[in-house]
Ligand SMILES: *Cc1c(COP(=O)(O)O)cnc(C)c1O
């Protein structure tokens, strides 16, 4: 028994499924999850001292590689000043200013502790601001695990086959209208019928929780136009895409200005942080300025704020990394497609900046949920286990995005393609 297997057995005694977030349990790929003890640059090291090239990056935050020193140093300096005061600190303003500078659609923002809190609070604000109850989301998009948003959701909900969770009251779920990603006609039809009851559209501007699916030409602009026409709030959930597909997120990449944006993952530099922000006119409805209530004991805690500020400062000082990330994602996905083709394995792929997706399918492109879920997940599971053997750590689900990091070298990527060529022959 490996040490990871021993630790997993021990974990299951007091932790449901042995994990604190379900996809980590490896249920859809089989085998036992790897327990890690250390990360450095492009690599993770497990409890059995095996080294892996990592394409998860803690699900996004480690865009500059593991143990990135400027972030670690900022956290260490903050640590010595005390862990938190439950009162304002200067660094909260510095991080807020930085975010507003990077994303001009955000005029004001509120810090929270996770992406889930950010999206939950943003839809409450949209409802409070418009006085409407209904919200529109898209099938396969994941916006965290709050009740209203856990309807036909992606990520772990999709991996485990429970996109509609028990425990979400039907009376609440009925206010969530779920439409097909990239189908703007359906959005227009829906708004033509009940647009004046819809508080907001919430969308992942690049879908990263049903594998990686890009927005079709005109889709995001179409959402912007429809929200303008019906006075609904357009929320871009950039928890994953923010500071990842481009410094200014998908909104910068596609040139669309949402009313509200939700952030998470990279904004915390690896520590738990989320944020939501946008137009001043809307944000002023949040307590204490307005009546929409939202609060958090540890929100804006100095450790997380310092980590986030160091991260965003480093990223904004190196804007060229986004093109490099895109080039690396392209090299990897094209390389994987080529060796898959050579082995007779049907594969298609997507990428944008530091995000990429591979789909085991004979479809030439994947643009929506039904296509994503018709891919060969059994084959993915075999591929996954083979790659793990070769020392390549991918997200343990066919429905998760791959994350490229600045620390991942050309050699690492070539090693990954070589490993895949070997594994594809066994599929
Ligand atoms: C990860 C993610 C969330 C949830 O964030 P947590 O910090 O896990 O609560 C929400 N939206 C998107 C798009 C995400 O990728």
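No value in this document is a laboratory result; all are computed from the given coordinates. Quantities reported herein were computed from a predicted structural model and do not represent experimental measurements. All Cβ positions, even for glycine, are placed from backbone atoms using ideal geometry, and neighbour counts span all protein chains on display.
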Highest mean packing first, using Cβ neighbours within 10 angstrom, the peptides 56-64, 274-282, 27-35 sort as 56-64, 274-282, 27-35
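When a footprinting reagent is the concern and you count Cβ atoms within 10 Å, what order do 219, 351 take, fewest first? The partial results should precede the final answer.
Working: 219 21, 351 25.
Sorted ascending by nearby Cβ count, the order is 219, 351.
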Which of 39, 154, 115 fluctuates most in a GNM of the chain (C-alpha springs under 10 Å)? That residue is 39
A correct Stokes-Einstein calculation for segment 315-366, using the alpha-carbon Kirkwood radius, 4 °C and 1.567 mPa s, returns a whole-number D in µm² s⁻¹ of 110
Listing 193, 318 by rising number of other beta-carbon atoms within 10 angstrom, fewest first, gives 193, 318
Connecting every pair of Cα atoms under 10 Å apart in the chain and solving the GNM, the largest mean-square fluctuation among 82, 156, 296 falls on 82
Rg (one decimal) and Dmax (whole number) from the Cα set of the chain, in Å, equal 20.9, 61
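Which translational diffusion coefficient, to the nearest whole µm²/s, is obtained for segment 69-317 from the Stokes-Einstein equation, given a Kirkwood hydrodynamic radius over C-alpha pairs, 4 °C and 1.567 mPa s?
Details: Rh = 18.2 Å.
D, rounded to a whole number, is 71 µm²/s.
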FRET efficiency (residue 185, residue 1; Cβ distance; R0 41 Å; to 0.05) is 0.15
Listed with the fewest Cβ neighbours within 10 Å leading, 13, 112 appear as 13, 112
Checked segment 95-238 against the a/c 1.5 cut and the a/b vs b/c comparison, axes a ≥ b ≥ c from its Cα gyration tensor; verdict rounded
At the level of C-alpha centres, the distance separating segment 318-377 and segment 131-210, in angstrom, is 25
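How large is the helix-only mean residue ellipticity at 222 nm for the chain, computed as the sum of -39500 (n - 2.57) over DSSP H runs with n ≥ 4, divided by its residue count, in deg cm²/dmol to the nearest 500? Please report the intermediate quantities before stating the final value.
Values: 15 runs with 164 residues, N = 427.
So the helix-based figure for the chain works out to -11500 deg cm²/dmol.
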